[in-house]
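Q: Below: one structure in structure tokens.
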Amino acid sequence: MAQGKAVLAGCAELLKQTGQPDAQLLQKHGALDEILAELGEVRLMVLGRRGTQNQVGSHLESVIRLQKNPVLIVPETFTPPARVMFAYDGSSESRKNLTRLTVSPLLHGLSCHIVMVNGDMSALQDAQAVLQEAGITTETRLLEDESVTGALCRYADAHDIDLTVMGACGHSRLRRFFIGSHTTEMLSESRQPLLMLR
């Protein structure tokens, strides 16, 4: 409990240094679903990637699945992003998330890479047009690879991407059971902060 309070105090101090003095500190104990329900409406939840026992925190994927709002997963060190990669799959959910970003200040002033793996070039060009109409500078890349996660991670590393934005847990439960989810793989493999949109 003391360690949790120390972590929260450190986070509050960092926020104060960046001009956000009114951080609300909250430490809860209990069942994860009950805690998230008590939090109510949260615009963005920020979580550390590492747990005390393993590389990816044990509750991380559960929080992402239970949370209805965006979740930012950060590594131990975080720097403000200059280059953002949006992992685009052409689905209606992915298009909705892309459109949401046009009204958010997140991408403005940043270099945005829209990356699609094993997809359709016309869908990728449509996505680029959406961001360009909003005044967001974009690059697009269509990749072919057996591993969606591997392709995205290699692209992010090769292009010095500071933040990856993607939809969270978009596949059906049956498909996730048999072949896993890209969300789970990205949590495990990516070295950059991940913004998971719901």
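Taken together, the values in this text are just the output of simple stated rules run on the coordinates, not laboratory data. Everything numeric here is computed off the predicted structure, so don't read it as measured data. With ideal geometry, Cβ positions are generated from the backbone for all residues, glycine too; neighbour counts draw on all protein chains shown.
Q: Mind putting a number on the dipole of the range 65-198 about its Cα centre? Charges go on the C-beta only, +1 for Lys and Arg and -1 for Asp and Glu, and I need it in Debye to the nearest 20.
A: Using only the charged Cβ atoms, the result is roughly 640 debye.
Q: Taking the chain on its own, what percent of its Cα-Cα pair distances exceed 25 Å?
A: Looking at the chain, the distances longer than 25 Å represent 38 percent of pairs.
Q: So if R0 is 25 Å, what FRET efficiency would Asp160 and Arg100 give, r being the distance between their Cβ atoms, rounded to the nearest 0.05?
A: For R0 = 25 Å, the calculated efficiency reads 0.50.
Q: Which residue fluctuates most in the GNM of the chain (Cα springs below 10 Å): Gly90, Gly40, Gly48?
A: Gly40
Q: Amide H neighbours of Ile114 under 5 Å, counting only residues 5+ apart in sequence or on other chains, H built in-plane at 1.01 Å?
A: Phe86, Glu139, Thr140, Arg141
Q: Here's a follow-up. Tell me, Arg100, Arg65 in order of fewest to most beta-carbon neighbours within 10 Å?
A: So the residues, fewest neighbours to most, are Arg100, Arg65.
Q: Viscosity 0.890 mPa s, temperature 25 °C: what is the translational diffusion coefficient of the range 1-49 from Stokes-Einstein with a Kirkwood Rh over Cα pairs, rounded to a whole number of µm²/s? Working shown, then result.
A: Values: Rh = 12.3 Å.
The Stokes-Einstein estimate is 200 µm²/s.
Q: Over the chain, what relative contact order in percent results from Cα pairs under 8 Å that are six or more residues apart?
A: The normalised contact order for the chain reaches 22 percent.
Q: Show me, for the range 22-27, the HN-Hα J-couplings you get by feeding each phi into the Karplus relation (A = 6.51, B = -1.76, C = 1.60, θ = phi - 60°), rounded to Hz, glycine and proline as x.
A: 9, 6, 9, 9, 8, 10
Q: Determine the relative contact order of the range 83-197: mean sequence separation of Cα pairs under 8 Å and six or more apart, normalised by residue count, in whole percent.
A: Numbers: 186 pairs, mean separation 33.7, N = 115.
Once divided by the residue count of the range 83-197, the mean separation gives 29 percent.
Q: At a 10 Å Cβ-Cβ cut-off, how would you order His182, His29, fewest neighbours first?
A: By the 10 Å Cβ count, ascending: His29, His182.
Q: Further question on the same structure: Using the Karplus curve 6.51 cos²θ - 1.76 cosθ + 1.60 with θ = phi - 60°, what ³J(HN,Hα) values do you get for each residue of the range 85-102, in whole Hz, with x for Gly and Pro?
A: Listing the rounded values in order: 10, 9, 7, 10, 10, x, 6, 4, 5, 5, 5, 4, 5, 4, 5, 4, 5, 5 Hz.
Q: On to the next question. Ordered by residue, what ³J(HN,Hα) values in Hz, to whole numbers, does the range 157-163 give under the Karplus form 6.51 cos²θ - 1.76 cosθ + 1.60, where θ = phi - 60° and Gly and Pro are x?
A: 5, 5, 10, 6, 6, 9, 8
Q: For a quick check: sort Asp120, Asp162, Asp22 by the number of other beta carbons within 10 angstrom, fewest at the front.
A: Placing the least packed residue first, the sequence is Asp22, Asp120, Asp162.
Q: A follow-up question, please. Please list the non-local residues whose amide H lies under 5 Å from the amide H of Leu163, H modeled 1.01 Å from N, same-chain partners needing a gap of 5 or more.
A: Arg83, Met85
Q: Quote the FRET efficiency, to the nearest 0.05, computed for Gln27 versus Glu185 with a Förster distance R0 of 41 Å and r equal to the Cβ-Cβ distance.
A: After rounding to 0.05, the efficiency reads 0.85.
Q: Now for a different question. Going through the cross-link list Lys16/Lys68; Lys28/Lys68; Lys16/Lys96, which pairs have a Cα-Cα distance over 29 Å in this structure?
A: Values: Lys16/Lys68 27 Å; Lys28/Lys68 19 Å; Lys16/Lys96 33 Å.
Result: Lys16/Lys96 exceed 29 Å.
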